[in-house]
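Notes follow the structure.
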Amino acid sequence: QVQLVESGGGLVQAGGSLRLSCAASGSIFSISAMGWFRQATGKQREMVAHITAGGIKNYAHSVKGRFTISRDNAKNTVYLQMNSLKPEDTAVYYCRLELGTYYYWGQGTQVTVSS
């Protein structure tokens, strides 16, 4: 069983930065794709950023140029560096580990951006 634990969320003013971390248990992290998703109140969960096991990255259009996803396989951790934050970035952020048809989710971390 894989467990994912997110951290790094909080309250920040518009224009500020936060760095989210997601630590994974187990031994499959390095061969898994990882994604960051977010869900704002009353909205559907959406993909924010994704990184394959080989390091290929993709971003939602709304965060491209502001957010950066990275991974450290030695630490079984994926990061989301968020810069130039906007109030519309306010949401619960979740990480997801993907291996074949298996998906594992973290519990989420709240990010609130004040105007």
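The values are calculated or read from the model by the stated rules, or taken from the named source; none is laboratory data. Quantities reported herein were computed from a predicted structural model and do not represent experimental measurements. Cβ sites come from the backbone with ideal geometry, for glycine too, and all protein chains shown count toward neighbours. With ligands, DNA and RNA removed, areas are computed over all heavy atoms of the protein, side chains included. Shrake-Rupley method; radii C 1.70, N 1.55, O 1.52, S 1.80 Å.
Tabulated results
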item: Which numbered condition Lys75 fails, given (1) closer than 26 Å to Ser114 by Cα; (2) open to solvent by 70 Å² or more (accessible area, probe 1.4 Å); (3) touching a residue at least 24 places away in the same chain (Cβ under 8 Å); result: (1)
item: Residue in region 92-109 that is modelled with the highest pLDDT, counting only those that are assigned to a loop (DSSP other than H, G, I, E, B) and open to solvent by 30 Å² or more (accessible area, probe 1.4 Å); result: Gln107
item: So Phe37, is it open to solvent by less than 40 Å² (accessible area, probe 1.4 Å), farther than 16 Å from Gly108 by Cα and of a type outside the set (Val, Ile, Thr); result: no
item: Test set (1) loosely packed, with under 14 Cβ neighbours inside 10 Å; (2) over 11 Å from the mean Cα position of the chain (by Cα) - Ser7 fails condition number; result: (2)
item: Unique match (being among the β-branched types (Val, Ile, Thr) and open to solvent by less than 40 Å² (accessible area, probe 1.4 Å)) among Ile56, Ile31, Ile51; result: Ile51
item: Residue identified as crowded, with 16+ Cβ neighbours inside 10 Å and either within 15 Å of Glu6 (Cα to Cα) or not hydrophobic (A, V, I, L, M, F, W, C) (or both) among Leu85, Leu80; result: Leu80
